[in-house]
Amino acid sequence: METFIQEMKRYLGFTEEDAALLRQIGPRMEKYLPELAERFYSQIRQHPNAFRVFGGGDAQIARLKLTLQGWAKGLFGGGYDQPYSEERYQVGYRHVRAGVEQKYVISAMGIVRAFFSECLLLEFPASDVRLRYARAVSKILDLDLNLMCESYMHASMQNLRALNEQLERANRDLAEASRSKDEFLAQISHELRTPLNSILGFTKLVLDGLTKTPEEERELLRDVFSSAQHLLGLVNDILDIGRIEAGRMALHVDDVDPRHVLDSTVPLVTIPAAEKDLELRDETHNTELPLVRADEVRFRQVLLNLLSNAVKFTPPAAADQPPGRVAVRARILHKPDAPAAHSGNGFLRIEVVDTGIGIPEEKREEVFEKFVQAPAGRRYGGSGLGLAISRRLVELMGGAIGLENGEDGRGTLVWFTLPLASKEAAKLPPASREKTSTRAPA
Ligand code: ADP
């Protein structure tokens with residue numbers, strides 16, 4: 001098959017005779033090449049954008065001058081053979097990468113052309129001889145320019161193709177983001193509407209004077225109050241997940257005393273637990289709790305989330321059954337054994353165990369995604385945001401979180417870990433101190 005060079009030679013009428021003419025004048029042109037390089041770059045460097053391409057300063061220009069001379073010498077080799085043309089082809093690619101526009105390559109070739117005309121005039125005053133040489137020079141320059149433009153086109157096409165792929169990828173990501181946003185909005189508006197409708201409905205009943213007794217009225221207002229509380233919780237969760245996903249959740253991590261967090265959080269679920277006759281036990285009292293690195297507010301939020309879930313998903317006991325139980329435990333992990341986070345000082349692992357409905361094993365990862373609820377959990381209400389938020393918060397604090405079977409294969413055990421404060425490292429046994437270096441806890 002005819003190569004590009006062969007095709008162009010044919011098109012430009014470049015013959016063996018032209019090649020021979022070029023070879024003839026080659027040695028006489030050689031002495032002009034340093035001046036060609038000199039003029040070429042002094043002109044090109046005046047371009048306002050030259051600094052973009054010639055950032056390498058004088059050393060770069062010196063190298064380029066030599067290359068230019070080598071190229072010009074090659075032109076007078078006459079044949080424009082395969083290796084030479086491949087090299088020229090690559091030069092086109094390099095120019096595209098450096099951001100040199102094609103019009104500058106064409107103009108630069110004009111500089112060379114004009115220079116060679118002058119040289120030929122000096123070397124061959126007789127116009128008929130000069131004309132033959134000038135024609136051969138002109139053809140080889142045309143050939144070279146064509147090759148450069150061809151490689152330019154190829155490189156630009158490649159760039160375009162890559163850009164197109166990038167665009168398509170960005171488009172797909174955008175469509176995906178927009179779809180999740182739509183789903184998010186649909187789900188959230190449904191969640192918001194439920195308590196809001198209760199609030200509107202119940203207050204209207206009271207305002208319209210449709211309650212018969214003050215007790216009935218108080219009952220409705222209590223429902224309004226709890227719906228409003230639920231609504232507030234939802235709004236806070238939505239704001240949290242939005243902030244986390246936008247990477248704007250600012251944590252104030254400090255040395256925190258877990259005893260303080262436990263003592264101020266566990267009592268918050270005492271009333272809902274008592275309403276279902278659940279036994280609520282904080283079993284951490286026998287454990288000496290080390291300081292952890294955490295944002296105290298977020299630590300409390302995670303713990304409250306897990307405790308509320310444990311209470312929510314543990315039904316009141318049937319008549320002849322022992323009461324349901326929710327317990328909090330804690331232990332120190334010297335040895336990290338789950339990937340996700342790391343602490344050289346070890347971790348505090350906190351567990352919330354319940355005897356409730358449990359979560360099937362195959363759902364235990366999924367429920368950490370936002371809006372995902374295990375089928376059995378749906379009728380208990382909720383937004384499906386709690387665990388998603390908890391996971392992100394714990395991970396932001398350098399810990400991990402996970403689900404296991406509850407006691408005796410019944411119910412659920414949710415654990416999370418937080419890195420110990422560096423002060424605690426000294427208290428660890430020396431052997432375990434070495435092992436806690438890089439991986440994470442379970
Ligand atoms: P929500 O409780 O608002 O639905 P979460 O993200 O806190 O959202 O929990 C997601 C799902 O995980 C729940 O809907 C429920 O199916 C399941 N789940 C969470 N904690 C428990 C638990 N202690 N026992 C049983 N199922 C649970």
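The numbers here are math on the coordinates, done by the rules we state, and not lab data. No experiment lies behind these values; they were computed from the predicted model shown. Glycine also receives a Cβ, built like all others from the backbone with ideal geometry; neighbour counts cover every protein chain displayed.
Describe numerically, in nm with one decimal, the distance between label points set 7 Å from Cα along Cα→Cβ at Glu215 and at Glu275.
It is 1.9 nm.
Apply 1/(1 + (r/R0)^6) to the Cβ-Cβ distance of Leu205 and Asp408, taking R0 = 51 Å, and write down the FRET efficiency to the nearest 0.05.
0.65
Give me the mean projected area, in nm² to one decimal, of the convex hull enclosing the Cα positions of the chain.
Dividing the Cα hull surface by four gives the mean projection, 38.3 nm².
As an exercise, use a Förster radius of 25 Å and the Cβ-Cβ distance of Phe225 and Arg193 to find the FRET efficiency, rounded to the nearest 0.05.
0.85
Hey, for a label at Glu123 modelled as a point 7 Å past Cα toward Cβ, could you say which residues of region 80-103 have their backbone N under 19 Å away?
Residues 80-81 qualify, since their backbone N sits under 19 Å from the label point.
Helix-derived [θ] at 222 nm for the chain: sum -39500 (n - 2.57) over DSSP H runs of at least 4, divide by residue count, nearest 500?
Only helices count here, giving -20000 deg cm²/dmol.
Any lysines with Cα under 24 Å of the Lys31 Cα? List them, leaving off those in the same chain fewer than 8 positions away.
Lys65, Lys73, Lys139
If each residue of separation counts as 0.36 nm, what is the full-extension length gain between Ser42 and Arg23 once their alpha-carbon separation is subtracted?
Length gained between Ser42 and Arg23: 4.0 nm.
On a straight-distance basis, which aspartates and glutamates could pair with Lys312 in a cross-link, Cα separation under 18 angstrom, same-chain partners fewer than 8 positions away excluded?
Glu191, Asp223, Asp237, Glu275, Asp277, Glu279, Asp282, Glu351, Asp354, Glu404, Glu407
Most mobile of Pro315, Pro375, Pro195 per a Gaussian network model of the chain (Cα springs, under 10 Å)?
The residue with the greatest mean-square fluctuation here is Pro375.
Name the residues whose placed amide hydrogens come within less than 5 Å of the amide hydrogen of Leu420, ignoring near sequence neighbours (fewer than 5 apart) on the same chain.
Residues meeting the criterion, in which the H sits 1.01 Å from N, are Arg293, Asn345, Gly346, Phe347, Leu348.
Compute the label zone of Phe4 within region 151-175: residues whose backbone N is under 19 Å from the point 7 Å along Cα-to-Cβ.
151-162
Tell me the label-point distance for the pair Phe184, Glu366, using the 7 Å Cα-to-Cβ offset, in nm and rounded to one decimal.
If labels sit at Phe184 and Glu366, their model points lie 2.2 nm apart.
May I ask you to order 416-423, 154-161, 115-122 by the average number of other C-beta atoms within 10 Å around their residues, highest value first?
Put in order of decreasing packing, that is 416-423, 115-122, 154-161.
Which aspartates and glutamates does Lys9 reach when only Cα atoms under 19 Å apart count, and residues fewer than 8 places away in its own chain are ignored?
Those aspartates and glutamates meeting the cut-off are Glu17, Asp18, Asp81, Glu86, Glu87, Asp142, Asp144, Glu150.
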